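The next block holds one structure in the form of structure tokens; read it before the comments.
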Amino acid sequence: MSAGTATAGKAARRRSARPGSLRLILNNTLATGGLVVLVLICLVAVAAPILPLPDPDVTAPASRLAPVFSAGHWLGTDHLGRDLLSRLIWGTRVSLAVGFFATLIAAIFGSLLGLTAGYAGGRWDNGIMRGIDLVMAFPYILLALAIVAVLGPGLLNALYAISLVNIPFFARNIRGITLGLSRREFVDAARLAGKSPVQVLFTELLPNVMPVIVITMSTTVGWMILETAGLSFLGLGAQPPQADLGSMLGEGRKLLFTAPHLSMIPGLMIFALVMSINLLGDGIRDVLDPRLRAGSLTRPVARTEVMREQPVPAQADGQAVLEVAGLRTEFHIGSSIYKAVGGVDLRLAEGECLGIVGESGSGKSVTALSVMGLVATPPGRITGGTAWLEGEDLFAASDERVRQLRGSAVAYIFQDPLSTLHPLFTVGDQLVEAIETHSDVPREMARKRAAELLALVRIPNPRQRLAAYPHELSGGMRQRVCIAMALANDARVLIADEPTTALDVTVQSQILVLMEELRRQRNAAILFITHDFGIVSAICDRVAVMYAGRVVETGRTEELLLNPRHPYTARLIDCVPVLGEPERRLEAIPGRPPVVNHLPEGCAFAERCPRSRLDCRQGEIDLVMTGAERGVRCLYPLAAGERA
Amino acid sequence: MVPYIAKRLLAAVPVLFGLTIIVFLIMAMIPGDPATAILGSYATPENVEKLNRALGLDKSLPQQYLIWLGNLLQGDLGRSYTLNRPVLDEVLERFSATLILAGAALLICSLAGLLAGIVSAVRQYGWADKIITVLVLVGISTPSFWLGLLLILIFSVSLRWLPVSGMYAIYGGGDLPDLLYHLTLPALTLSAVATGVIARLTRTAMLEVLRQDYIRTARAKGLKESRVIGKHAFKPALVNIVPVIGIQAGFVIGGAVYIETVFQWPGIGSMLVTAISTRDLLLVQGGVLVVAAAYVLFNLVADVVQTLLDPRLR
Amino acid sequence: MSGTMAADRLAEGQTLLEVEEVGRVFGGGRNLFGGHRRALHAVQSMSLEVRRGETLGVVGESGCGKSTLARLIVGLDLPSAGRIVFDGADLVEMARKDRRALSRRVQYVFQDPVASLNPRKTIREILEAPLKHLGRLDGAARERRLGELLQAVNLAPEFLERYPHEFSGGQAQRIGIARALAAEPELIVLDEPVSALDVSVQAQVLNLLEELKGRFGLTYIFISHDLSVVESVSDRVAVMYFGRLAELGPAQAVFSRPLHPYTRLLMQSVPAPGRHRLVAEDAAGELPDPYDPPPGCAFAARCPRQQERCLAERPRPDTATGQSAAHHAACHYPLPQA
Ligand SMILES: Nc1ncnc2c1ncn2[C@@H]1O[C@H](COP(=O)(O)OP(=O)(O)OP(=O)(O)O)[C@@H](O)[C@H]1O
Ligand code: SF4
Ligand code: SF4
Ligand SMILES: [Mg+2]
């Protein structure tokens, strides 16, 4: 297992290269700003007793309503002559403490309820959630008001009220997460490892829920401070002479026109405090939320960015409908560059079916998507090569031109029909839309066409099915709809990216037979992506095998399967069990494919190849064509009949 | 669809009952003698005696609740001792003023929030996105009661563009332009936070949707980008935003408490604050109940709208 | 006919697990307003037995109840009907009363190797859990056992301190297998153990499983939707359709002389390298509505051999028998045995 050890070693190095959470927060300027301001405010508030401040509650009627910057009172005095700066600092202390404790109480009780409901499920869940729903049926502040009305005004009561009304918020959030987690397989695994339900809850689930609790806390502290300040502002929180920022603001309001600084200054303080907390909270959320962390919540633009570094290669074959030459597509994520496709050449003649085979991550999908610029940008970009559609350079065409060709000249069929069909529109709407986008037909005609298309892909009762939503159809039916949609405009090229992988075998063979027939009828060229040599045999005329972003071998299907010349192709065929040959020993390929941001020099397969020699790991290895249609990218290819 | 709405309406009934129980229990929890608490410092012994009998305080708690509920169903929420008029009349009058204010604010925050969120998502990391992001953060970090005061200082005191307070001019007025004139500042103030929340959520929801496979399908079909965003991305995003607008309605109604106090808007919020400080608990009870019921109904509407948008929920 | 002889020899193996008329219904009952909630029969009247030392393959398409059956056997879920007997003891009873006793003897390997490892635990913590809670080893013995386990699944000892996200699917599945081995079980239920893996890695894991079975004298229930994989690992095979047993028998017999038309359809649907023609049903065959199952044979709507009787009367699992009594199918008009 030396290969395994080596890769794990790499993984460890990558891990240490990944910056820690605090570093990530500090990388975020806004969050850092928030952190600095918050720390400053907290320091001053904590230090209040030792700062040389006048007593905040001592009145001095003689010097009342002193303006800002008066001698001895930087921020002036209030209507009773109390020093505003001192009151501000002491008030901040109170507000901070109240906000913090309110959050803590709400977080603890809310999380406990949420964890219990989410994990115990059934009756517990029902009971707890009904209660929570009831509490949430009150407008938030209103409930707090009602509670204060009963308990009587006072800072502590305001704190209780605010934390109480926030408990449901936490409980709901945490319950959702817990519920999702407790359906995960690792929870079952822990049960099977002999852990009791309580152990599972606290040792398996809680560590995973913790980041969410922290996120929720950091995004609600600011809110809680605002709300307690609000109650004090209304005179229902802190009672004189004690002051928090809200009650200062409330008192100051009465003198809004004569001494605006009395209300403006505490308000500004609340704003600064809450803003800094929110900035920091957002920073924390961005770091802890894995979705945001990976930067995956970036919006892909309509077309893949093309930044070709090399000159565009010339077209080799005028006959081909679609020709891809020297295609390079990369993903730039952080500082690493994933060379998902590293120079791929493909040629597709009219009416031909070309299969692309390879393992996960070998760049099949990215190749297919690059053709019509459907790779997500950011982070993807096309950095080299070109795709000619009947002589037209697709990467040089205008956005509008590419849009017109999409779905009309080149149509796609994707893997999972449930996620690729729009869930909120009926099948009919989606088909009609595909038709109307590319031709000017009246709506009635388009609907008729749509029904015909459904009939073409053998969906029973096509007219009624137009009104069905995708979730109302079975997987096989959905994929038929996708195929119908791809056929809507007589595409010359169909690009099918593992169209049957998500389907059951019997349905898969229905779909394959259907595609085969339609191809013959319409003489459309198909680029068929799959990882299954069986499927290739069934429908592809020619096949290209991909490994680590490049084509390593290509040829006519029967010939390539019978006499694979690249060691990878040979080993790949040998490691799959074949129905009817149960006695065959499976020859596993040791190790695993390289990660495309760290491609080794020379042959990418060298590490796993039984025939590798020293020169395999040096320099560029070309795809050598040994016939019009046969090519292999290997220095020591297998002879006919030889085994790897 | 109709059966679904009927089912939802039916399901709201237990919630409304639950509300009455909670409100009743909160009031029953008042420490000390409820009659004295309700009547406050104005209480005379015979008044206390009368109220005790009226409230049926000699009966058991469930019995009391049933009597109270019976009265409630007949529209009898008791009399406010400070105003000396039936609670229901006062509450409904005040609530209509709040509805105008909150409705306007909700309209503003939904429209502005959606628009800002979409622009922000579509122009992700562009200058518009950055400006909106900062504005949103400022919006949700600003205490609304302070913002109100600030706006009064700027627009009413310094610039003299808009009135300081009230719902209608004291002399004359009373027509729609006058109402709008008075409504502008409070409605804007009240919508600030909710606009931020909705804008933020819309941005995330749009970004989330734009990564989905069906958006890639829409593009692979050759749809115009405007259609991809406006139809294929917006509708699913809206499915997630509608319930949040429902929740924001609660925050807007709650926030009205501050805004009505600041702008002296004669709504239910300012009524509640006064009632709490004068300990007119029957008035508090009635106010809370009516607002909560309205909120439940509003969320019901949000639910139904969401279901209309998403066939999978039916 | 050497296959049949081998199967007969196996038939003498002692029964380890017996599933008798087991069913599992989800939903159902009444709702708040007294209306009926719809019930989904995930598994119905399943009967089969597993013999010590064999590998029983279970095949079927998505939603046919394979995973539900697996969860019932390891006690993660309880049946709504029927009995499961493990080595003479009532397994359901054990699952209720003493989970740990059951988990010591029956273990499970999950489909999604990465999701089955808690992302916030190191491999050491993950593997120690069963040793701690199921085994009764002291610290030093536990440490030794950890080393043995990792070695058994071909992983380097330094992996112990790492977190799951640092592993590839194949490595994660080895950890999953090691966890299942930790309690020294007799029976391991493998629920689609290789379907989330890449083909080149799939073979590594299949070979490893084969080796471990011999080394530790294990019994496997191997669940998969992939016919070729099941054929290559199983001694006997159960074919499931729509929550019920369609066909059961020695692997060789089932794959070379299927009785049930569904089994044949499955086999014809599998594309194989070098085979050009695909056979598909004429109509767009579909599963029946699981909330409203047909009264007769569930496969009738798709079956080329269907006759009136098939619609009216549901065939029992042993309605048809093959050349040995161990090979039977739920079909009124089984395929002729060549
Ligand atoms: N949106 C993306 N962002 C970052 N990297 C990506 C993205 N899409 C693909 N990649 C990377 O590009 C490489 C090739 O991926 P691709 O999807 O083309 O593989 P594939 O051969 O289609 O695999 P599969 O069989 O799993 O579909 C992989 O290393 C993958 O991680
Ligand atoms: S080039 Fe060398 S290492 Fe690569 S496949 Fe050929 S023989 Fe193996
Ligand atoms: S019982 Fe009838 S319908 Fe069912 S599989 Fe057998 S022949 Fe076909
Ligand atoms: Mg792919």
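Checked against (1) touching a residue at least 60 places away in the same chain (Cβ under 8 Å); (2) part of a loop (DSSP other than H, G, I, E, B), C:L137 meets all criteria but (1). Beta carbons closer than 6 Å, at least 6 apart along the sequence or on distinct chains, never pair a first residue in the stretch A:407-434 that is facing chain B (nearest Cβ under 9 Å) and at positive phi with a second that is of a type in the set (S, T, N, Q) and within 16 Å of ligand 3 (Cβ to nearest atom). Of the candidates A:G131, A:G176, A:G180, the single residue that is farther than 20 Å from A:I105 by Cα and more than 10 Å from chain C (Cβ to nearest Cβ) is A:G180. Checked against (1) at the interface with chain A (Cβ under 10 Å from one of its Cβ atoms); (2) in contact with a helix residue (DSSP H, G or I) (Cβ under 6 Å, 6 or more places away or on another chain); (3) aliphatic (A, V, I, L, M); (4) crowded, with 20+ Cβ neighbours inside 10 Å, C:V74 passes all but a single condition, namely (2). Please enumerate the residues belonging to the stretch A:253-270 that are within 7 Å of chain B (Cβ to nearest Cβ) and hydroxyl-bearing (S, T, Y). Correct list: A:S263 only. Only one of the numbered conditions (1) away from ligand 1 (no atom under 16 Å from the Cβ); (2) of a type in the set (D, E, K, R); (3) more than 9 Å from chain C (Cβ to nearest Cβ) is violated by A:D497, and that is (1).
A:V441 meets all of the listed conditions (1) among the β-branched types (V, I, T); (2) in contact with a strand residue (DSSP E or B) (Cβ under 9 Å, 6 or more places away or on another chain); (3) part of a loop (DSSP other than H, G, I, E, B) but one, namely (2).
Do we have A:F138 as outside any helix (DSSP H, G or I), within 28 Å of B:L272 (Cβ to Cβ) and among the hydrophobic types (A, V, I, L, M, F, W, C) here? Against the criterion (outside any helix (DSSP H, G or I), within 28 Å of B:L272 (Cβ to Cβ) and among the hydrophobic types (A, V, I, L, M, F, W, C)), A:F138 qualifies.
From the list A:A604, A:A548, A:A538, the lone residue that is modelled with pLDDT under 95 and within 12 Å of another protein chain (Cβ to nearest Cβ) is A:A538. Just one of (1) touching a strand residue (DSSP E or B) at 6+ places or on another chain (Cβ under 6 Å); (2) surrounded by fewer than 21 Cβ atoms within 10 Å (Cβ to Cβ); (3) assigned to a helix (DSSP H, G or I) fails for C:A180. It is (2).
Against the test of being within 24 Å of C:Y220 (Cα to Cα), among the β-branched types (V, I, T) and surrounded by fewer than 18 Cβ atoms within 10 Å (Cβ to Cβ), the options C:V85, C:V109 yield a single qualifying residue, C:V85. Residue selection: A:E323 fails the criterion of being away from every other protein chain (no Cβ under 13 Å), within 12 Å of ligand 1 (Cβ to nearest atom), of a type in the set (D, E) and assigned to a strand (DSSP E or B).
Tell me, please, whether a residue that is of a type in the set (A, V, I, L, M) and under 23 Å from A:S232 (Cβ atoms) can be found in the stretch B:293-311.
We begin by selecting, within the stretch B:293-311, every residue of a type in the set (A, V, I, L, M); these are B:293-294, B:296-297, B:300-302, B:304-305, B:308-309.
Of the ones still in play, those that are also under 23 Å from A:S232 (Cβ atoms) are none.
Scanning the stretch B:293-311, I find no residue that is of a type in the set (A, V, I, L, M) and under 23 Å from A:S232 (Cβ atoms), so the answer is no.
Residue-level check: of (1) modelled with pLDDT of 90 or more; (2) assigned to a helix (DSSP H, G or I), C:N118 misses just (2). Candidates A:I382, A:I356, A:I337: the one that is of a type in the set (A, V, I, L, M, F, W, C), surrounded by fewer than 21 Cβ atoms within 10 Å (Cβ to Cβ) and assigned to a strand (DSSP E or B) is A:I337.
Name the single residue, out of those in the stretch C:102-118 being in contact with a strand residue (DSSP E or B) (Cβ under 9 Å, 6 or more places away or on another chain) and more than 7 Å from chain A (Cβ to nearest Cβ), that is farthest from C:F167 (Cα to Cα). Step by step, filter the stretch C:102-118, then rank; the result is C:L102.
I'd like to verify a number: residues in the stretch C:121-134 that are surrounded by fewer than 20 Cβ atoms within 10 Å (Cβ to Cβ), more than 10 Å from every other protein chain (Cβ to nearest Cβ) and not in a loop (DSSP other than H, G, I, E, B), how many?
Keep residues of the stretch C:121-134 that are surrounded by fewer than 20 Cβ atoms within 10 Å (Cβ to Cβ), which gives C:122, C:124-125, C:132.
When the remaining residues are screened for being more than 10 Å from every other protein chain (Cβ to nearest Cβ), the result is C:122, C:124.
Still in the running and not in a loop (DSSP other than H, G, I, E, B): C:124.
Adding up the residues that qualify gives 1.
Specify the residue that is farthest from the other protein chains (Cβ to nearest Cβ); the eligible residues are those in the stretch A:205-242 that are within 19 Å of A:A149 (Cβ to Cβ) and surrounded by fewer than 21 Cβ atoms within 10 Å (Cβ to Cβ). Only one residue fits best here, namely A:Q239. Report those helices (runs of 4 or more DSSP H) wholly inside the stretch C:224-333 carrying at least 3 residues which are of a type in the set (A, V, I, L, M). Helices (runs of 4 or more DSSP H) meeting the threshold: C:227-233, C:251-256, C:261-269. Among the residues making up the stretch A:533-578, those that are surrounded by fewer than 24 Cβ atoms within 10 Å (Cβ to Cβ), part of a helix (DSSP H, G or I) and among the polar types (S, T, N, Q) are A:S537, A:T557. In this structure, is A:V341 away from chain B (no Cβ under 12 Å), near ligand 1 (Cβ under 10 Å from one of its atoms), closer than 28 Å to A:T437 by Cα and at pLDDT 90 or above? So A:V341 does not fit the description; no. Take the residues of the stretch C:140-166 that are under 30 Å from the mean Cα position of the chain (by Cα) and part of a loop (DSSP other than H, G, I, E, B): which is nearest to C:R124 (Cα to Cα)? Only one residue tops the list, namely C:Y163.
Suppose we filter A:G549, A:G555 for residues that are within 14 Å of ligand 1 (Cβ to nearest atom), in contact (Cβ under 8 Å) with a residue 12 or more places away in the chain and within 30 Å of A:S408 (Cα to Cα); which single one remains?
Just one listed residue meets the conditions, A:G549.
Of all residues assigned to the stretch B:121-131, none qualifies as being among the aliphatic types (A, V, I, L, M), outside the structural domain of B:V209 (by TED's automatic domain parsing), exposed (fewer than 15 other Cβ atoms within 10 Å of the Cβ) and assigned to a helix (DSSP H, G or I).
Does the stretch B:207-216 contain any residue that is assigned to a helix (DSSP H, G or I) and among the polar types (S, T, N, Q)? Scanning the stretch B:207-216 turns up no residue that is assigned to a helix (DSSP H, G or I) and among the polar types (S, T, N, Q).
What number of residues in the stretch A:348-362 are in contact with a strand residue (DSSP E or B) (Cβ under 9 Å, 6 or more places away or on another chain) and within 16 Å of ligand 1 (Cβ to nearest atom)?
In the first step, residues of the stretch A:348-362 are kept if they are in contact with a strand residue (DSSP E or B) (Cβ under 9 Å, 6 or more places away or on another chain); the result is A:348-359, A:361-362.
Among the residues that remain, those that are also within 16 Å of ligand 1 (Cβ to nearest atom) are: A:354-359, A:361-362.
Residues in the stretch A:348-362 being in contact with a strand residue (DSSP E or B) (Cβ under 9 Å, 6 or more places away or on another chain) and within 16 Å of ligand 1 (Cβ to nearest atom): 8 in total.
Can you find, within the stretch A:368-393, the residue that is nearest to ligand 2 (Cβ to nearest atom) among those that are within 13 Å of chain B (Cβ to nearest Cβ) and among the aliphatic types (A, V, I, L, M)? Before you say what the answer is, go through the steps one by one.
The initial filter retains those residues of the stretch A:368-393 that are within 13 Å of chain B (Cβ to nearest Cβ), namely A:368-380.
Checking which are among the aliphatic types (A, V, I, L, M) leaves us with A:368-369, A:371-372, A:374-376.
Numbers: A:A368: 24, A:L369: 27, A:V371: 27, A:M372: 32, A:L374: 31, A:V375: 27, A:A376: 31 Å.
In this case the residue turns out to be A:A368.
Which residues, taken from the stretch A:285-315, are surrounded by fewer than 18 Cβ atoms within 10 Å (Cβ to Cβ), at pLDDT below 70 and in a loop (DSSP other than H, G, I, E, B)? Answer for the stretch A:285-315, where residues must be surrounded by fewer than 18 Cβ atoms within 10 Å (Cβ to Cβ), at pLDDT below 70 and in a loop (DSSP other than H, G, I, E, B): A:A294, A:G295, A:S296.
The values are calculated or read from the model by the stated rules, or taken from the named source; none is laboratory data. What you are looking at is a predicted structure, and each value in this text was computed from that prediction instead of being measured. Every residue, glycine as well, gets a Cβ built from its backbone with ideal geometry; the counts of neighbours run over all protein chains shown.
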